[in-house]
Amino acid sequence: MSANLQIRKIKTQDLDFIYKSICELENEILEFEVFKAIFNENISNPKNLYLIAENENEALGFISFHTQKLLHHCGLVGEIQEFFIHQNYRGQGVGRLLINEILNFADQNNLKSIEVTTNKKRVENVAIYENLGFTLSHNKFTIYK
């Protein structure tokens, strides 16, 4: 891993990298203008934390994190919405650095918990998240419309 690795908040100029990454993650081409509007809304929301990892040459990965107050937790909780590391940089600690920034944010803001969901098709992610300290504790049910 490069010694010049930097983690910073995502800015509007990071849109193209985030768009390409999400399309790769979801294995589909998303409608760009709709994506752009949601991206700009989400990165400007103070309840969200969007971080990018980069070296001096390129972006390596990113993480998006949303917080909300939930009754059943009686406090603030956070959920990782998207988490992507470019294929060339996986297994090199980039993801752990991004997760550590989320953990620091959670500590500073007294979050009750951090949640992450992964698609059942991505079976390898279970081991990755467990290695990062997460516990497989819930089932998630979805209806698509």
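Here are the numbers for this structure:
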| read-out | value |
| --- | --- |
| Those lysines that a straight Cα-Cα span of less than 27 Å connects to Lys20, excepting residues fewer than 8 apart in one chain | Lys9, Lys11, Lys36, Lys47, Lys120, Lys121, Lys140, Lys145 |
| Largest-first ordering by accessible area, 1.4 Å probe, given options Glu41, Glu82, Glu124, Glu58 | Glu41, Glu124, Glu58, Glu82 |
| Listed residues His138, Ala106, Leu51: farthest to the positive end of the dipole of the chain (Cβ charges) | His138 |
| Computed magnitude of the charge dipole of the chain (debye, nearest 20; Cβ of K, R +1, Cβ of D, E -1) | 460 |
| Residue among Leu132, Leu71, Leu97 with the largest mean-square fluctuation in a Gaussian network model of the chain, springs linking Cα atoms under 10 Å | Leu71 |
| Options Phe39, Gly93, Phe62, ranked by Cα towards positive dipole end of segment 36-145, top entry (Cβ charges) | Phe39 |
| Surface/4 estimate of mean projected area, convex hull on alpha-carbon atoms of segment 1-109, nm² | 7.7 |
| Within the chain, helix-based [θ] at 222 nm, where runs of 4 or more DSSP H residues each add -39,500 (n - 2.57), nearest 500 | -10500 deg cm²/dmol |
| Whole-number accessible area per residue in Å² for segment 12-145, which is evaluated in the context of all protein chains at 1.4 Å | 68 |
| 15 Å beta-carbon shell around Ile29, net charge (K/R +1, D/E -1) | -4 |
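The values are calculated or read from the model by the stated rules, or taken from the named source; none is laboratory data. None of the values given here were measured: they were computed from a predicted structure. No Cβ is skipped: glycine too gets one built from the backbone with ideal geometry, and neighbour counts run over all protein chains shown. Just the protein is used for accessible areas: all its heavy atoms, side chains included, with ligands, DNA and RNA removed. Shrake-Rupley method; radii C 1.70, N 1.55, O 1.52, S 1.80 Å.
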